[in-house]
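Note sheet for the following structure.
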Amino acid sequence: MLARLGWIDAGAGELSSVSVRAWIEREIRDPMARNLFYALIRTGTFTQALDLHSIGPALRQIQRTFRKNAVLYVQGGWQSIVEQLREIAVRAGATLMHSTGVAAIKHDGEVRRLRLSNGEVMEVGRVISAVPLAETCRLIRDADRTSLRVWQDQARPVSVACLDLCLKRLPAPRRNLVLGIDEPVFFTNQSKVVPSLAENGSWVMHVLKYNGVGEIDPQKDEALLERIMDLIQPAGGKKSSPGSFCRI
């Protein structure tokens with residue numbers, strides 16, 4: 001099944017109504033291959049809500065990941081993206097307004113104008129809202145009569161717990177990328193792919209746990225991530241049991 005992944009028609013209509021769990025349990029018989037597939041789905045979609053997530057979009061995301069040069073790593077940090085976007089927008093003639101909020105999005109079935117927090121009104125025909133869905137609905141009068149109501153009713157929040165460490169020395173230098181098999185975790189040595197992070201010979205370690213819908217327990221997640229990190233990069237260089245991991 002893993003070998004045939006690239007040939008599956010992930011856009012087929014029937015796959016949009018089948019959950020990730022139902023499809024994997026039906027199509028993949030080998031238990032280890034099944035668990036590996038679950039790990040790939042978690043890593044590609046940032047969630048383990050396997051009974052809510054449709055297999056079609058999940059498969060498309062995994063297929064994109066395996067394409068050549070599909071994964072892009074940011075050199076210089078996320079701020080570099082913001083700065084480049086700003087430069088492109090200014091060159092294209094965009095006007096940037098700092099410290100000015102939007103008080104309301106006016107529409108009559110089509111977006112017409114914005115009312116800003118300073119009282120100014122702007123005539124617009126399109127809006128890109130980069131705030132949480134609930135905030136967007138607050139800005140739009142009678143939002144529950146628009147398609148946003150359906151989106152809000154169906155949307156489910158996705159969360160992950162994350163632990164980052166900066167080390168001067170790697171206890172296990174060959175362990176750079178790890179997929180959790182019996183735990184919904186993912187580990188990566190970010191300095192291997194983003195050299196700018198490795199300042200003064202340091203290494204930036206990143207491990208995260210994918211949560212299901214409503215599964216948020218910061219203290220429990222922190223303890224798990226510390227235990228996982230100690231398995232992968234054991235303190236003091238001591239040997240550790242590999243656990244149920246797939247090291248790449």
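The values are calculated or read from the model by the stated rules, or taken from the named source; none is laboratory data. Note that the structure is predicted; figures quoted are calculated from it, not measured. Using ideal geometry, Cβ is built from the backbone for each residue, glycine included, and neighbour counts are taken over all protein chains shown.
Among the residues of segment 40-56, those that are small (Gly, Ala, Ser) and within 14 Å of the chain's Cα centre (by Cα) comprise Gly44, Ala49.
For Cys162, the criteria (1) modelled with pLDDT of 85 or more; (2) loosely packed, with under 15 Cβ neighbours inside 10 Å; (3) more than 20 Å from Ile41 (Cα to Cα) hold in every case but one, which is (3).
Quickly run through segment 105-123 and pick out the residues that are closer than 17 Å to Asp144 by Cβ and either in contact with a helix residue (DSSP H, G or I) (Cβ under 8 Å, 6 or more places away or on another chain) or part of a loop (DSSP other than H, G, I, E, B) (or both). Correct list: Ile105, Asp108, Gly109. Ser191 meets the conditions (1) farther than 25 Å from Trp78 by Cα; (2) in a helix (DSSP H, G or I) in every case but one. The failed one is (1). Specify which of the listed residues (Ala89, Ala103, Ala161) is farther than 30 Å from Ser54 by Cβ, touching a residue at least 12 places away in the same chain (Cβ under 8 Å) and either under 27 Å from the mean Cα position of the chain (by Cα) or outside the structural domain of Val185 (by TED's automatic domain parsing) (or both). Just one listed residue meets the conditions, Ala103.
The sole residue among Thr47, Thr43, Thr95 that is outside any helix (DSSP H, G or I), out of contact with any helix residue (DSSP H, G or I) (no Cβ under 7 Å at 6 or more places or on another chain) and surrounded by 16 or more Cβ atoms within 10 Å (Cβ to Cβ) is Thr47. Among the residues of segment 47-86, the ones that are of a type in the set (Gly, Ala, Ser), free of Cβ contacts under 8 Å to residues at least 24 places away in the same chain and either farther than 30 Å from Val20 by Cα or in contact with a His (Cβ under 8 Å, 6 or more places away or on another chain) (or both) come to 1 in all. Only residues that are surrounded by 12 or more Cβ atoms within 10 Å (Cβ to Cβ) and either part of a loop (DSSP other than H, G, I, E, B) or of a type in the set (S, T, N, Q) (or both) were counted across segment 197-220, and they come to 7. Could you tell me which residue of segment 145-159 is surrounded by the most Cβ atoms within 10 Å (Cβ to Cβ), considering only residues that are among the small types (Gly, Ala, Ser) and at pLDDT 85 or above? Checking each candidate, the answer is Ser159. In segment 6-40, which residues are assigned to a helix (DSSP H, G or I), at pLDDT below 90 and farther than 20 Å from Pro184 by Cβ? If the condition is that a residue be assigned to a helix (DSSP H, G or I), at pLDDT below 90 and farther than 20 Å from Pro184 by Cβ, then Gly6, Trp7, Gly13, Glu14, Leu15, Ser16, Ser17, Glu27 are the ones that fit. The residue list Val213, Val185, Val194, Val207 contains one member that is among the hydrophobic types (A, V, I, L, M, F, W, C) and in contact with a Cys (Cβ under 9 Å, 6 or more places away or on another chain), which is Val207. Only residues that are at pLDDT below 90 and either in contact with a Cys (Cβ under 8 Å, 6 or more places away or on another chain) or at negative phi (or both) were counted across segment 134-144, and they come to 4.
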